[in-house]
Amino acid sequence: MAGKQKSKRNIKKEVRRLFERSFDMDQLNYKKLSLPTKPKSLLIGLGSASALYAAGFALAYIAMEKNILPLEEFAKLSWIILIPVTIVGVTAWQISKNRMEYPIRQKILTYMAALEKDGGLLWKFSPLMDVIGIEDTDTKKALTKSREGKVDELAVEDYTEAVEKLNQVLLNTDNRYFSNVIAEAILENFDKS
């Protein structure tokens with residue numbers, strides 16, 4: 001009896017080792033890889049907004065000093081300038097953020113394509129959907145696209161999030177919902193291909 005339970009536990013461990021051999025989590029951790037770009041892009045957006053506001057304020061101040069612009073208009077203008085400056089700052093932030101994250105996305109996309117090139121890989125762990133839950137549509141979509149061989153249609157975030165969720169389920173080997181039946185179904189998916 002004890003030997004039977006040990007072999008059942010070994011099936012779960014085998015699936016876990018298979019997952020670890022299949023996916024390099026360091027290359028698929030999009031949030032961690034893109035984290036250093038966030039402060040830089042925020043500073044670029046803030047800097048561009050500050051420079052534009054300073055230029056507008058300086059022009060309005062010079063106009064007020066030369067009596068071209070009354071004091072009341074100068075006060076209104078200093079507040080009204082904030083609206084376009086904010087839009088320019090947010091736009092500069094988003095453009096710089098996207099430009100900084102582009103090489104990271106391309107690296108992950110290349111890695112995803114390498115993983116999924118021979119009939120897909122992520123879909124083989126689809127029996128774990130019962131453990132994750134049916135309401136998780138992003139993971140379900142990623143598994144479906146993997147089965148169809150259309151991972152290039154997936155967003156990087158969706159794929160990496162699906163892999164991370166599967167990883168969390170597999171890390172918890174004592175998870176009562178991750179049964180041996182599910183583990184055997186995963187191993188059968190690998191045997192089929």
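Readers should treat all values here as calculations from the given coordinates under stated rules, not as data from a laboratory. A quick note: this is a predicted structure, and the numbers were derived from the prediction, not measured. We place every Cβ from the backbone using ideal geometry, glycine too, and count neighbours over all the protein chains shown.
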Can you compute log10 of I(q)/I(0) for the stretch 34-116 with the Debye formula, treating each Cα as one identical point scatterer, at q = 0.13, 0.19 Å⁻¹?
-0.56, -0.81
Which of K32, K76, K40 moves the most in a Gaussian network model of the chain with Cα springs under 10 Å?
K76
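Using a Förster radius of 35 Å, what is the FRET efficiency between L43 and L171 based on their Cβ-Cβ separation? Nearest 0.05, please.
Values: r = 36 Å, r/R0 = 1.03.
Result of the calculation: an efficiency of 0.45.
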With r as the distance between the Cβ atoms of I87 and E148 and R0 = 35 Å, compute the FRET efficiency 1/(1 + (r/R0)^6) and round to 0.05.
0.30
Taking r as the C-beta separation of R99 and N180 and R0 as 41 Å, the FRET efficiency to the nearest 0.05 is 0.30
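Can you give the net charge of the other residues whose Cβ lies under 15 Å from the Cβ of K192, counting K and R as +1 and D and E as -1? Could the numbers behind the result be given before it?
Working: positive: K124, R147; negative: D118, E184, E188, D191.
Charge balance in the 15 Å sphere: -2.
Projected area of the stretch 117-193, taken from the Cα convex hull and averaged over every viewing direction, in nm²? Spell out each step's value before the answer.
Working: hull surface 19.6 nm².
So the mean shadow area of the Cα hull is 4.9 nm².
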Debye sum, Cα scatterers, the chain, no solvent: what log₁₀ I/I(0) at q = 0.16, 0.19 1/Å?
-0.98, -1.21
Check: the chain dipole with +1 on Lys, Arg Cβ and -1 on Asp, Glu Cβ, in debye
720
Using Cα centres only, tell me the gap between the stretch 46-96 and the stretch 100-116 in whole Å.
40
